[in-house]
Amino acid sequence: MRPDRATVLSQAPLHDLIVVLLRQYKHLLSERDISLTEADIQSTAQHIVARQALDDREQAIRAVLATLVEESQTVLDQWHLSFAQSLETEMTNIPGWETTAEFLEIANEKGNAELRIASGSALAVALGDYLFAPHLLTVLDHDPNELEGMVARRVLTLVSGVDAEVEDWQAQIQQWIKKRNSTNNSK
């Protein structure tokens with residue numbers, strides 16, 4: 001019997017999951033003058049998993065990811081939706097379409113924005129930008145067994161040091177995010 005997707009994703013090496021996400025952003029990063037070779041992707045994933053200091057390229061990647069997440073939220077803002085609201089809102093409840101073509105165009109725009117917020121936030125947090133950590137909790141609340149949910153949980157566990165097996169993991173993560181972001185806001 002084949003293991004279910006959630007089991008496979010929960011057991012996959014975090015390095016491999018980060019590599020998949022970085023590959024998804026390769027084109028968007030190149031549009032912003034950050035070219036990534038396969039060796040760069042592997043190296044960045046290794047630095048993330050090993051919690052090593054970021055080099056200049058990785059800091060630039062983090063900055064671009066933050067911009068992409070913010071731009072994606074701007075897309076959702078046109079429908080007056082937060083990220084969490086967007087994940088829960090069916091396309092039939094989104095205004096601005098009359099034809100099937102318009103419906104598909106808006107659905108694609110909404111879906112891309114949600115995906116970029118989820119995956120971009122995971123990478124940004126993995127690279128040390130904790131302002132996007134609340135988005136990862138939103139992803140977990142929405143669907144913890146999808147790729148984005150599994151990556152969110154694994155990234156939050158990595159950066160926070162909270163044991164993934166503790167019963168109150170989410171409460172500890174929320175406390176860690178609150179403390180981390182209040183520290184960043186006081187600087």
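Details
- Think of each Lys and Arg Cβ as +1 and each Asp and Glu Cβ as -1; about the Cα centre, that makes the dipole of the chain roughly 680 debye.
- Spin-label model distance (nm) - Ala50 vs Thr74, 7 Å beyond Cα toward Cβ: 3.7
- For the chain: rounded, prolate or oblate by the Cα gyration tensor [a/c cutoff 1.5]: rounded
- Taking a sphere under 13 Å around the Cβ of Asn108 and counting the other residues whose Cβ falls inside, with K and R at +1 and D and E at -1, yields a net charge of -2.
- Distance between modelled label sites at Glu90 and Leu115, nm, 7 Å Cα→Cβ extension: 2.3
- The 1.4 Å probe gives accessible areas that order Thr44, Thr99, largest first, as Thr99, Thr44.
- Residue among Ala133, Ala63, Ala171 with the largest mean-square fluctuation in a Gaussian network model of the chain, springs linking Cα atoms under 10 Å: Ala171
- Surface exposure of the chain, expressed per residue as accessible area with a 1.4 Å probe, stands at 55 Å².
- Label zone at Glu165, where the point sits 7 Å out along the Cα-to-Cβ direction: the range 2-33 residues whose backbone N lies under 18 Å: 7-8, 10-14
- Tilt relative to the chain, helix 38-50 - C-alpha long axis, 0 to 90 degrees, to 10: 60
- Simple spin-label estimate for Trp97 and Asn181 in nanometres, 7 Å along Cα-Cβ: 3.0
The values are calculated or read from the model by the stated rules, or taken from the named source; none is laboratory data. Source: prediction; values computed, not measured. Cβ: placed from backbone, ideal geometry, glycine included. Neighbour counts: every protein chain shown. The accessibility values were calculated without ligands, DNA or RNA, using every heavy atom of the protein model including side chains. Shrake-Rupley method; radii C 1.70, N 1.55, O 1.52, S 1.80 Å.
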